[in-house]
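Chemist: Structure below; questions to follow.
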Amino acid sequence: APPHGRWQGPVRQPVRREAADQDKEYVGFATLPNQVHRKSVKKGFDFTLMVAGESGLGKSTLVNSLFLTDLYKDRKLLNAEERITQTVEITKHTVDIEEKGVKLKLTIVDTPGFGDAVNNTECWKSVADYIDQQFEQYFRDESGLNRKNIQDNRVHCCLYFISPFGHGLRPLDVEFMKALHEKVNIVPILAKADTLTPTEVKKKKFKIREEIQQYGIKIYQFPDCDSDEDEDFKQQDQELKDSIPFAVIGSNTVVEAKGKRVRGRLYPWGIVEVENSAHCDFVKLRNMLVRTHMQDLKDVTRETHYENYRAHCIQSMTRMVVKERNRNKLTRESGTDFPIPVIPSTTDTETEKLIREKDEESVPVQKHHRANFI
């Protein structure tokens, strides 16, 4: 019988050749997502969220509930007399959050004073100006010499709080959203949903959606799911679309319900749980903002709202350059091809006679001197 080693060779050879063939066919670009992930995590992420609406609708409480942080600890509440003279101002709060090694620089832009005055005519103008200023700053940085460390302060999303009292949208709500819907992603929020019954919430949501469509307001549109997406994801996406406007409740206090501690509000008739989907849309809003659509909000801001601003700026600059060039061209041509006609030194005799008569009427003293001079 042949030696044992001579039989082992033919058995091992195809295995080594198969592995070698696989190595030859494997180029390696399948690791690109890992490279992008590593680089993104190392750089960190940033997100700018604007909250707008009249005071007392729970904006600060909701933001603190969403990101489990206290951004308004140094805030001073104004009394009614002080709010009479208060104008709309823009305040920024920035906090660095880290979760499982991923860093997020979160900027909250608040608009205290909005809708609180007696006369709210164009009170949204300062908000629109702020959004434009961030676009302008980014455009200048992008067009400058040092583009490596550009700080992105563009507003990626605006949570607009709608009062639960009244019937649908107020005129101020309509004017604000129409003034800003082409500058920022607007997500309407039905505030203090615990003041309404489930039937009232359903009716008010339908009424608000109807009026948004009626007045031609463009709120943030959730992207359509791909056909190959998971069924659970499609259902979750459809639930988000049906939840607009999000009926939310905010709370920073922990209460005990059925033997477990939850964030919520304690009432004589029971407990409202913030993170209970049967009580409000808080979890849906948080999932949309953070887990599923944060990157899409940033993409829409960059690809739609900022691009529109950038295109408008470039068009204006191009018009100015063309206008200046045409003016210089006309000046050069007028100096060479079309010389300025020389005014003749001799005036018309009839005109000179009329001038002399007027002089004689108005200044008779100089009559003899003028006659002698002539």
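The values are calculated or read from the model by the stated rules, or taken from the named source; none is laboratory data. Because the structure is a prediction, the values reported are computed rather than measured. Because the Cβ atoms are built from the backbone with ideal geometry, glycine has one as well, and the counts that use them run over all protein chains shown. When the accessible area is computed, the model is the full protein with side chains, heavy atoms only, and any ligands, DNA or RNA have been set aside. Shrake-Rupley method; radii C 1.70, N 1.55, O 1.52, S 1.80 Å.
Chemist: Of everything in the range 124-138, what is open to solvent by 30 Å² or more (accessible area, probe 1.4 Å) and either of a type in the set (A, V, I, L, M) or over 18 Å from residue 91 (Cα atoms) (or both)? Give them in sequence order. Write out each step before concluding.
Modeler: Our first condition is that a residue be open to solvent by 30 Å² or more (accessible area, probe 1.4 Å); within the range 124-138, this holds for 124-126, 129, 132-133, 136-138.
136, 138, listed by residue number.
Chemist: Further question: Among (1) in a helix (DSSP H, G or I); (2) in contact (Cβ under 8 Å) with a residue 12 or more places away in the chain; (3) over 26 Å from residue 247 (Cα atoms), where does residue 152 come up short?
Modeler: (1)
Chemist: Quick check on this structure: which one of 141, 173 is of a type in the set (D, E, K, R), open to solvent by less than 50 Å² (accessible area, probe 1.4 Å) and in contact with a Pro (Cβ under 9 Å, 6 or more places away or on another chain)?
Modeler: On the way: 141 fails: in contact with a Pro (Cβ under 9 Å, 6 or more places away or on another chain).
Among 141, 173, only 173 is of a type in the set (D, E, K, R), open to solvent by less than 50 Å² (accessible area, probe 1.4 Å) and in contact with a Pro (Cβ under 9 Å, 6 or more places away or on another chain).
Chemist: Which numbered condition in (1) open to solvent by 40 Å² or more (accessible area, probe 1.4 Å); (2) in contact (Cβ under 8 Å) with a residue 12 or more places away in the chain; (3) among the small types (Gly, Ala, Ser) is the only one that residue 166 fails?
Modeler: (2)
Chemist: Right, something else. Inspect all residues belonging to the range 271-284 and state whether any of them is part of a helix (DSSP H, G or I), open to solvent by less than 40 Å² (accessible area, probe 1.4 Å) and either of a type outside the set (Gly, Ala, Ser) or at pLDDT below 85 (or both).
Modeler: Yes, the range 271-284 contains at least one residue that is part of a helix (DSSP H, G or I), open to solvent by less than 40 Å² (accessible area, probe 1.4 Å) and either of a type outside the set (Gly, Ala, Ser) or at pLDDT below 85 (or both).
Chemist: Quick test for you: out of 234, 202, 183, pick the one residue that is of a type in the set (D, E, K, R), assigned to a helix (DSSP H, G or I) and open to solvent by less than 90 Å² (accessible area, probe 1.4 Å). Lay out the reasoning, then the answer.
Modeler: Numbers: 202 fails: open to solvent by less than 90 Å² (accessible area, probe 1.4 Å); 183 fails: assigned to a helix (DSSP H, G or I).
Answer to the selection: 234.
Chemist: Do the conditions hold for residue 72, that is, is it aromatic (Phe, Trp, Tyr) and at pLDDT 85 or above? Walk me through how you get there before you give the answer.
Modeler: On the way: aromatic (Phe, Trp, Tyr): yes; at pLDDT 85 or above: no.
The answer is no for residue 72.
Chemist: Do we find a residue being part of a helix (DSSP H, G or I) and without any contact (Cβ under 8 Å) to a residue 40 or more places away in the chain anywhere in the range 259-267?
Modeler: To start, the set of residues in the range 259-267 that are part of a helix (DSSP H, G or I) comprises none.
No, the range 259-267 contains no residue that is part of a helix (DSSP H, G or I) and without any contact (Cβ under 8 Å) to a residue 40 or more places away in the chain.
Chemist: Further, regarding this structure: Take the residues in the range 289-308 that are closer than 16 Å to residue 68 by Cα and not basic (Lys, Arg); name whichever of them is modelled with the highest pLDDT. It would help to see each step written out before you state the result.
Modeler: Residues of the range 289-308 closer than 16 Å to residue 68 by Cα: 289-291.
With not basic (Lys, Arg) added as a condition, the list becomes 289-290.
Working: 289: 87, 290: 84.
If we take residues in the range 289-308 being closer than 16 Å to residue 68 by Cα and not basic (Lys, Arg), then 289 is modelled with the highest pLDDT.
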